[in-house]
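Coordinate-derived values only; no laboratory data. Please read these numbers as outputs of a predicted model, since none were measured by experiment. Cβ placement follows ideal geometry from the backbone for every residue including glycine, while neighbour counts extend to all protein chains displayed.
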Amino acid sequence: MRLSGSLWRNIHARGVPSRYLANMAAQRPCHVTVLGEQYLTDHMTNISPTIVSKLPLKLHTQPSHPLSTLRGLIESHFPSYTHLSSLSPLVTPYQNFDLLSFPKDHPGRSVTDSYYVNKDLMLRTHTSAHEVEVFGRGETKWLLTADVYRRDEIDGSHYPVFHQTEGARIVSANSTGMKEIEEDNERLAAHLEQSSIEIEDVPHLSSTNPCQPAHDPKHTELIAKNLKLSLNSLMLHLFAGRVGATAQNPLKVRWIEATFPWTTPSFEVEVFFRGKWLEILGCGVIYQPTLDNANVSNKLGWAFGLGLERIAMVLYSIPDIRLFWSQDPRFLSQFKQGEITTFKPYSKYPACFKDVSFWLPEGQTLHENDFCDLVRDVAGDVVEDVKLIDDFTHPKTNRKSLCYRINYRSMDRSLSNDEANSLNAQVVSYLRDRFRVEIR
Ligand code: DAH
């Protein structure tokens, strides 16, 4: 299953759970070491060695890395905000979901979608996981950039680790707070009026995107307006000049109604770039229980969350999301902190396709994300793409057979056919051990 963009509302309900965890249980060590600490494992543990190895890297803080420059660019647009970038990726499911009013049966909580150290500890799936904590510290205007983790399929634009920037602003829910917002709205509107930007808007409030019972609709309107003006001006800061926006050809931004458990009204923002609408961020007026959970009273405000890789891929013309993780000097030496330059591909090595076709044991299913994590554990970033090319259930025995096509292609060197064969043989052997499959 593919997440369309990074946004939770697009997650569909799941079918039958796979036996991955049951099979893993037999082989699971009772401890796992994550960021130098040992943790007990349990029936929920599904964090893989490949993922554990990414945790210390924090690409968004590595000088000259495109993700670090993009973080800096966003931060420079909000100079009066507190800038955070070193919060631990280990959070409780309570922080990641419950404090943000996610329903108990939300599919994002499942072990097929998220990485768990054990039932009480997981890798944050979004930077919103820190909202309550940061508001609880008394911050009222802040940005937080961090690595986030989601189980996913494998292709050129999806990776199980990516980066997000969360931003939020709250003000007093009284005339002083509203005056501050009104003045800011005037300033931002004047700036946008002089800029070459074309905005397709939706109403601040509607029957499908309502005001919260705790809020005065006039206050919500002002806050939503401030949110839109602040983000339109951020889009201008990030894209204009780089996408060739001119008076005749303005930067096009469109607002869409959305739904998130911890905001209402909620919106998504898309930017038109190279002939396509690009989904950039989710945002909204913060749901009051979120602020209550942080012990913040008599305040209201907005929050947004934006995915960095997708924007960086566009701004730098980086064609494959794996490149962000490359240690190859031919990649890294192309970039300077603070500068956005067009990536020059150094080479495209030949693809090497291998099929893996197998029968699952009777009554067993295999989630695509489980298969992809297994392939990543074997081949790491040498795997470019994994596609299900055949899915067959025998009409009499009801047994299921699957065929996946794996594209092995290194970004840094030419892979020999022998090497690809040996990686593929290891995938097959892991599959047999973990899922008791019968190779066809
Ligand atoms: N956390 C959301 C995601 O990862 C993005 C988001 C949406 C963040 C709305 C927000 C928000 O702060 O208000 O898809």
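Brief remarks on what is shown
- R0 of 25 Å, Cβ-Cβ distance C403-S157: FRET efficiency to nearest 0.05: 0.60
- The Rg/Rh ratio of the chain, with both radii computed over alpha carbons and Rh defined as the Kirkwood radius, is 0.99.
- Sorted from greatest to least, the principal axis extents spanned by the alpha carbons of region 51-118 come out as 39, 30, 16 Å.
- Alpha-carbon Rg/Rh ratio, for region 219-330, with Rh computed the Kirkwood way: 1.06
- Most mobile listed residue (R71, R124, R137) in the chain, GNM with C-alpha springs under 10 Å: R137
- Estimated FRET transfer efficiency when R0 is 22 angstrom, pair T61-T82 (beta carbons, to 0.05): 0.85
- Each helix, a run of at least 4 DSSP H residues, gives -39500 (n - 2.57); summed and divided by the residues of the chain, these come to -8500 deg cm²/dmol at 222 nm.
- Cβ-based exposure ranking for I197, I181, I311, in which fewest neighbours within 10 Å come first: I197, I181, I311
- The convex hull defined by the C-alpha atoms of region 345-428 has an orientation-averaged projected area of 5.8 nm².
- Nearby aspartates and glutamates by direct alpha-carbon distance to K228 (threshold 14 angstrom, same-chain neighbours under 8 apart not counted): E182, D184, E186, E193, E198, E200, D201, E257, E268, E270
- For trypsin sites (Lys or Arg not before Pro), the sites in region 246-308 that DSSP calls loop and that have at most 11 other Cβ atoms within 10 Å are R274.
- In a fully extended conformation the segment linking S347 and D418 would gain 23.5 nm over its present Cα-Cα distance, using 0.36 nm per residue.
- Full extension of the segment from K218 to E37, taken as 0.36 nm per residue of separation minus the current Cα-Cα distance, would add 60.3 nm.
- Annotation note: GluC sites (Glu not before Pro) in region 333-440 located in DSSP loop regions with a Cβ neighbour count of at most 13 within 10 Å are E339, E362.
- Virtual spin-label span in nm between D391 and R242, 7 Å along Cα→Cβ: 3.6
- The Cα atoms of region 154-310 cover 43, 42, 26 Å along the three principal axes, with the biggest extent listed first.
- Cα-based reach from K348 at 13 Å (exclusive), listing aspartates and glutamates while leaving out same-chain residues under 8 positions away: D320, E384, D412
- Of K54/K276; K119/K354; K58/K119; K252/K387; K225/K276; K54/K336, those spanning more than 28 Å from alpha-carbon to alpha-carbon: K54/K276; K119/K354; K252/K387
- At full extension, R432 and S196 could sit 79.1 nm farther apart than now, given 0.36 nm per residue minus the alpha carbon distance.
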